[in-house]
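Engineer: First, the structure itself, so that you have it in front of you.
No lab work stands behind these numbers, since they all come straight from the coordinates. All of these numbers come straight from a predicted model, not from anything done at the bench. Neighbour counts are summed over all protein chains in view; Cβ atoms, including those assigned to glycine, are modelled from backbone coordinates with ideal geometry.
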Amino acid sequence: MRDFLNKLGLTFAFIVIVSPAVLFFLWMLSLSLKFEIDNASYPPVFIPDRINWGNYAAVIESKRFMTYFFNTLIVTGSATLFALIIGVPAGYGIARMRARKSAIVILIARITPGLSYLIPLFLLFQWLGLLGTLWPQIIIHLVVTVPIVIWIMIGYFETTPMELEESAIIDGATRWQVFRHVALPIARSGIAVAFILSVIFSWNNFVFGIVLAGRETRTLPVAVYNMISFDQLSWGPLAAAALIVTLPVLLLTMFAQRQIVAGLTAGAVK
Amino acid sequence: MSELTAGKAVAKTTAAVAAETATAGKNEWRPISYWPFVIPAMIVVMAVIIFPWVYTIWMSLHEWKVGQAPTFVGFANYLRLPSDARFVESVGHTLVYTALSVALPLILGTLAAVIFNNKFPLRGLFRGLFILPMMATPVAIALVWTMMFHPQLGVLNYLLSLFGLPPSLWVFHPATAIPSLVLVETWQWTPLVMLIVLGGLSAIPTEPYESAQIDGATPWQTFRYISLPMIMPFLFIAAMIRMIDAVKSFDIIFAITQGGPGSASETINLYLYSVAFVYYDVGYASAIVVVFFALIVALAGALLHLRQRTHWNDAGGSA
């Protein structure tokens, strides 16, 4: 009996703590599927009688939505890929040199507000004549992605065993071969964690875009923000747009939560 | 399978040899041979992190509006700050915002971690749902919160009315703007505190709990005298991370209130944005960046100091 009561209490506690998150996203979904008349009614309608898929159609068919989608894909993809190419070897090098102190730069990068990078880099991009292309955003997203990748990879390479690498060296392998064929395969799960977190934080980034993006080079978060200020005052399409922007991240979180939790807490606890 | 074990055996013997030979030459060859791995990243870090910092410090010593030539003014930009009422006010807003955005997620996150530390079917699914707010795109959720805050049509005032409470103006009134934003921040970041504290809780051995149960301790006593002291280091880390993120908070505030109404929720970061990208006063903005960074470091230092003091107290108490 007491066991049963404990179970019941625990079930109740779990429902209570996840409900703010779950109800919020359900409400977001509800807003995005309603006709304007239901969205503007009081008391609010939670489950509408009729569903308006038109909100989603309006967003997807709207001018430049696809451009903004591909912009986001290009910026996030390039910044993540480049961060992995240079960050994974760097994490390896730092771990093997036991030069963790050099990671202080990464800590400083973590503490510094994103806007601080924007002022000097904005002026630099202006001087180089890069504004109006996607390059400034790809480059400045490295401020987000490179530290994440290096930080996570240091942690992973510090825990992978040295023995195999030492024996490969004795067998005559070069440093690069050891990295490529011994260390890298073992660190695959770490690379997955770095990749996922890098993608999410780059995808979500907003502050760099509002300054650096022009009409043709906006990413989705910036495009959604601009919808509030200019085009749209009706809630249905706005909520639909918001959900479309964040849906890839929500799905990734649900499917890769083990990696996300590992990455976030590894960075925190060390 | 056999290959794997063989590989392991080889690894073991060669490791022993390597250990013998390495002790002598370790420090000479190691640093040199690993440099090539680090250099590409160093170049990028120099370009996107170190260069902006150096350039910012240089700019902060100049009177410079975009489109004009910079003139050297020494520390004049810094001296302007104390008499800039809008800046001073933004510091106050930042401190209030940060204090609340550290304390509330810390309390709620610890509570959530205690619940998540129990075995429960579908716990993984619940954890996934629970962490959605912190991973979701901030601008997207800010948009929905803005709709929820709407005084006439928003769902939050409807919820208040269900409990018989009077409606609030939320972000549309100066007095409630910051608390409302803190509500969003708390909703968003409680999961991170939960994850960190959960990591601490799950590392505690079961013996102390078993003996506490035998001694007939209440759940509160168990938490207060066993769990809490053990998770203190984790709470400290969570507080540190939360502080750094809350001070820098931008997306949520910018998308929901843009620092308004008036300047009621204008934090340093928001003011910095205006100075740099609305007034294009990059010299002054750079001075704000430097002071802002110093403030974050000072707050981190204060937290460290606080931790050392409580640590000392604990040691004194037990002795």
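Engineer: Please compute the average number of Cβ atoms from other chains found within 10 Å of each residue's Cβ in peptide B:59-70.
Structural biologist: Per residue, the average neighbour count from other chains is 1.
Engineer: If you don't mind, there's one more thing I want to ask. Hey, what do the phi angles of the stretch A:238-244 turn into as Karplus ³J(HN,Hα) couplings, whole Hz, using 6.51/-1.76/1.60 and θ = phi - 60°, x for Gly and Pro?
Structural biologist: With coefficients 6.51, -1.76 and 1.60, one gets 4, 5, 4, 4, 4, 5, 4 Hz.
Engineer: Compute the length gained on full extension between A:Leu251 and A:Leu233: take 0.36 nm times their separation in residues and subtract their Cα-Cα distance, giving the result in nm to one decimal.
Structural biologist: 3.7 nm
Engineer: What is the order of A:Val207, B:Val282, A:Val16, fewest Cβ neighbours within 10 Å to most?
Structural biologist: A:Val16, A:Val207, B:Val282
Engineer: Most exposed first by the Cβ proxy, i.e. fewest other Cβ within 10 Å, how do B:Val197, B:Val278, A:Val261 rank?
Structural biologist: B:Val278, A:Val261, B:Val197
Engineer: Considering every Cα-Cα pair within the stretch B:208-319, what fraction, in whole percent, is farther apart than 19 Å?
Structural biologist: Percentage above 19 Å: 64.
Engineer: Follow-up question, since we're still on this one. Each residue of the stretch B:154-164 in turn: what ³J(HN,Hα) in whole Hz from Karplus with 6.51, -1.76, 1.60 and θ = phi - 60°, glycine and Pro shown as x?
Structural biologist: Per residue, the Karplus-derived 3J(HN,Hα) values read x, 6, 5, 5, 5, 4, 4, 5, 4, 8, x Hz.
Engineer: Same structure again: Suppose the chain between A:Leu26 and A:Leu123 were pulled fully straight at 0.36 nm per residue; how much longer would it get relative to their current alpha carbon spacing?
Structural biologist: Extra length from A:Leu26 to A:Leu123 when fully extended: 30.7 nm.
Engineer: Say the cut-off is 30 Å between C-alpha atoms; which of A:Lys7/B:Lys248; A:Lys101/B:Lys248; A:Lys34/A:Lys63 go over it?
Structural biologist: Beyond 30 Å between Cα atoms: A:Lys7/B:Lys248.
Engineer: Then there is this: Determine ³J(HN,Hα), in whole Hz, for all residues of the stretch A:68-83 in sequence, where each value follows from phi through the Karplus function 6.51 cos²θ - 1.76 cosθ + 1.60 and θ = phi - 60°; x replaces Gly and Pro.
Structural biologist: With coefficients 6.51, -1.76 and 1.60, one gets 5, 4, 5, 4, 4, 4, 5, 5, 5, x, 5, 5, 6, 4, 5, 4 Hz.
Engineer: Skipping prolines and chain starts, which residues have an amide H placed within reach, meaning under 5 Å, of the one on B:His62, given they are 5 or more residues away or on another chain?
Structural biologist: HN-HN under 5 Å from B:His62: B:Val73.
Engineer: Further, regarding this structure: Using all alpha carbons of chain A, what is the percent of pairwise distances in each 10 Å bin, ordered from the shortest bin to the longest?
Structural biologist: Bins of 10 Å from zero give 6, 22, 26, 23, 15, 7, 2, 0 percent of pairs.
Engineer: Follow-up. Fewest first, what order do A:Asp3, B:Asp84 take by the number of other Cβ atoms within 10 Å?
Structural biologist: Ranked by crowding around the Cβ, least crowded first: A:Asp3, B:Asp84.
Engineer: Now, a different point. Across peptide A:24-34, what mean number of C-beta atoms from other chains lies inside 10 Å of a residue's C-beta?
Structural biologist: Mean inter-chain Cβ contacts per residue within 10 Å come to 3.
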